[in-house]
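Colleague: Here it is: the structure, laid out below.
Derivation of every value follows stated rules applied to the coordinates shown; laboratory data play no part. Note that the structure is predicted; figures quoted are calculated from it, not measured. Using ideal geometry, Cβ is built from the backbone for each residue, glycine included, and neighbour counts are taken over all protein chains shown.
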Amino acid sequence: MTNEIAIRALTTAALTGLLLGSGLRLEVRQVVAVMQQKRLLGRTLAVNFLGVPALAMGIVLLFKVPTEIAVGMLLLAAAPFAPVVPVFTKMARGDLAMAATLTGIFPLPSAFLTPWICVACLKVLPGAGELRFQVLQLLLLLLATITLPLATGVALQHYRPAWARKILRPVEIVAEGIGAVSLAFVTFVEFRTILDTGWNAMLAMALLCELSLFLGYAVGGPGIATRRVIAFGTSNRNIALALLIAAGSFPGTPVLAGVVANGLFLILLGLAHVAWWRWR
């Protein structure tokens, strides 16, 4: 129980800090510019909140992934645009401004849609009948840890830009540090369970990542730089968000280990994609 409380506290703090930092970087004009690209935004939302979860469900059923590990994969599938997307985009020479904007605004629909996507997936996942979570409680938690800090950051950037620039880097350093500690702590606590994840589940996650990457690239519009942004956002899922849901909803189960193992694997695959695009 102590470990679970620590995981929830660290993950909540990391996610809150990361979203506050994202908000401090966002200008209202950037958000408006992205929102005006209605077709691109609509396709990106549909792919991330419908296409990737549907792919994940099909793949876990095809590979017969153990139920609790499959739940971890599905939680990741329902949590798009990891905070590392702007970093990967910059390294791969993509559209950095769009990457930062989408990474900043995507947690807003995630706060509302991710819980319901998880509910829908659990209803059709064999053996998941005993896994339940309180949707309203989770929604309130996500609003507090995602929507509120993000909106606070955007408001500070708009009304107090000088102060926002001053605190931006310290906020990012603290949030990234807490995020690293959180991930390391969960890895340590769940290490044995992570080792038991198995190659079958890792292969399933690799296939999901590659199909998600190609799907995102396909709907990313005519420009290569924009396509790379959507591809990275679609294939790199938000580990902190998935961990927060897993720690609060499925304590004492291997779901946490499933999120960590698959999340770390996604980071490695993301770096491989960066290397490929830089080489090309």
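Colleague: Subtracting the Cα-Cα distance from 0.36 nm times the residue separation, let me have the gained length for residue 264 to residue 119 in nm, one decimal.
Modeller: 49.8 nm
Colleague: Follow-up question, since we're still on this one. Regarding region 1-132, what's the average projected area of the Cα-atom convex hull, expressed in nm²?
Modeller: Averaging across all directions leaves 9.6 nm² for the Cα convex hull.
Colleague: Still on this structure, I have one more. Mean residue ellipticity at 222 nm from the helices of the chain, using -39,500 (n - 2.57) per DSSP H segment of n ≥ 4 over the full residue count, to the nearest 500 deg cm²/dmol?
Modeller: The helix-only estimate for the chain comes to -25500 deg cm²/dmol at 222 nm.
Colleague: Cut-off under 26 Å on the C-alpha distance; same-chain residues fewer than 8 positions from residue 38 excluded. Which lysines are left, in chain and number order?
Modeller: Excluding near neighbours in sequence, the set is 90.
Colleague: What number comes out for the charge environment of residue 53, summing +1 per Lys or Arg and -1 per Asp or Glu over other residues with Cβ under 13 Å away?
Modeller: +2
Colleague: Taking every pair of distinct Cα atoms and averaging 1/r, then inverting, what Kirkwood hydrodynamic radius in Å comes out for region 76-192?
Modeller: 16.7 Å
Colleague: Can you give me the long-range amide H partners of residue 236? Hydrogens built in the peptide plane at 1.01 Å from N, cutoff under 5 Å, separation of 5 or more residues or another chain.
Modeller: Distant-sequence amide H within range of residue 236: 81, 82.
Colleague: Test of understanding: express the Cα radius of gyration of the chain as a ratio to 2.2 N^0.38 Å, with N the residue count.
Modeller: Here the Cα radius of gyration is 0.94 times the empirical estimate.
Colleague: Going by average Cβ neighbours within 10 Å, how do the peptides 203-213, 262-272 rank, with the highest at the top?
Modeller: 203-213, 262-272
Colleague: Quick one: dipole size for the chain, taken about the Cα centre, charges +1 on Lys/Arg Cβ and -1 on Asp/Glu Cβ, in debye to the nearest 20.
Modeller: Around 960 debye, computed over the chain.
Colleague: If you don't mind, another one. Pull up the cross-link candidates among the lysines for residue 64, meaning alpha carbon to alpha carbon under 29 Å and not fewer than 8 places away within one chain.
Modeller: Straight-distance partners of residue 64: 123.
Colleague: Could the peptides 164-177, 93-106, 224-237 be put in order, highest first, of the mean number of other beta-carbon atoms found within 10 Å of their residues?
Modeller: Output ranking for 164-177, 93-106, 224-237: 224-237, 93-106, 164-177.
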